[in-house]
1. Report the dimensions of segment 1-143 along its three principal axes from the alpha-carbon atoms, largest first, rounded to Å.
2. For a quick check: with amide H placed at 1.01 Å from N, whose amide H comes under 5 Å from GLY102's, ignoring anything fewer than 5 positions away on the same chain?
3. How large are Rg and Dmax for the chain when calculated on the C-alpha trace, in angstrom?
4. Which value, in Å², gives the accessible area per residue of the chain when a 1.4 Å probe is used on the protein heavy atoms?
5. Using the Cβ atoms and a cut-off under 13 Å, what net charge is assigned to the surroundings of ILE285, where Lys and Arg are +1 and Asp and Glu are -1?
6. Counting only residues 5 or more places away or on other chains, whose amide H sits under 5 Å from the amide H of TYR258 once H atoms are built in the peptide plane?
7. Which ³J(HN,Hα) values in Hz, rounded to whole numbers, follow from the phi angles of segment 354-364 under the Karplus curve 6.51 cos²θ - 1.76 cosθ + 1.60, where θ = phi - 60° and Gly and Pro get x?
8. Take the alpha carbon atoms of segment 301-340, find their center, do the same for segment 116-169, and report the distance between the two centers in whole angstrom.
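The values are calculated or read from the model by the stated rules, or taken from the named source; none is laboratory data. Here the structure is a predicted model, which means the values were calculated and not measured. Here the Cβ is made from the backbone with ideal geometry for all residues, glycine too, and neighbour counts use every protein chain on show. All accessible areas refer to the heavy atoms of the entire protein, side chains included, with ligands and DNA or RNA removed. Shrake-Rupley method; radii C 1.70, N 1.55, O 1.52, S 1.80 Å.
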Amino acid sequence: MSDKQKDKKVKIKEKLREEVRSISPYYGEKDDFEVKINLAGNESPFDIPTEIKDKFIKEFQKNDINRYPEIYSEKIHQELADYLSRELNKEVSTEEVIVGNGSDELLDILIRTFVDKGDIVLSQTPTFSMYQYFTELGGGVYEEIPLNKDFTIENIKAKIDQLEPKIIFFCSPNNPTGELLAKDLILSISEYFSGPVIVDEAYADFSSEDLMDEVDKHLNLAVTRTFSKAYGLAGIRLGYLYANPVLVEELKKVLKPYNLNTLTDILACIVLNNDDIIKERIEFIKKERARVYKKLAAYSKWDVFPSEANFIYLEGEKTHLFKKALNQAGIKIRSYNTDPAAVRITIGSKEENNAVLRVLEEFKQKN
Ligand SMILES: Cc1ncc(COP(=O)(O)O)c(C=O)c1O
């Protein structure tokens, strides 16, 4: 780099917003081995069936891709409202949903809608890192309550009184621990708190309960969902938020026009009307989760968290050694430099899970 370029670089950095200067980009973990099996991202191990891809190609051929998509993806909003009406057995209108380029976009929009510089966002720890990332990027202050025996309604209310947050995020089932937060707790907090209470249900397709049925009873309660996990559509980036129209209307002001592309629109509409296979696959993952959990829990030198999601969280010093052993076999998982150390393993296909269990058997003998 020439001296002139170096000088430009310094000058550009000086012009950055303070929050951008102090934040590190989200890159994920770097791999120093050849990844043969990826169990780090909580994705579905199954691609969508060929028949659905064929339908997509036919539909795609009919579209003029030189044209912009609909400004606010009106068709997908309608399909989603119809889909939720079928799923929840009640009338859901397009005014109650908003779609995003992944649910990440909606989390970002929620923060940009409510959080000014210095405002507080309250959540739990450990949890999904994006709540903190988007908060701090926007100049907000992120506060978290540890998910331990003190994570009680009374203590959360006390935190609300003390910190006066603008918005609260719950993640249930929680990433990375897989645990479901008590429905009573979330509902009591949404009664108590006057601001928006967001429940990130990215993994709720795998859980025994969720809060979708409560949304129309609580004006400030919003649920976010994603098609990246159970629906096997991480590649098209699609998520949605379901909430009272009062909240949705405000969020729509912050949403960028044309946020969804035509390809996502087409495929999502097809999948929403052909989801039988997805439901079968969810049942498969749940069965595999029970099988893998049992084997992992049979080793007493770490704690295995019961999971209501498509991954399992292990805590204890041995977990990072286990990660090393998995990496040596070409299996990628997520690790956390927490105290105690922890790892998160996505439930994959039968073959992928068997590969993990083979490494486990060897690991148990040596450790
Ligand atoms: C809890 C949670 N919420 C949201 C997301 C983002 O999902 P999307 O792919 O819809 O942006 C993830 C992705 O890992 C997640 O774990």
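1. That works out to 57, 40, 37 Å along the principal axes.
2. Placed amide hydrogens put LEU238, GLY239 under 5 Å from GLY102.
3. 21.6, 66
4. 50 Å²
5. My count for the surroundings of ILE285 gives +1.
6. Distant-sequence amide H within range of TYR258: TYR72, SER73.
7. Residue by residue, segment 354-364 yields 4, 4, 5, 5, 5, 4, 4, 4, 5, 4, 4 Hz.
8. If you average the Cα positions of each part, the centres end up 26 Å apart.
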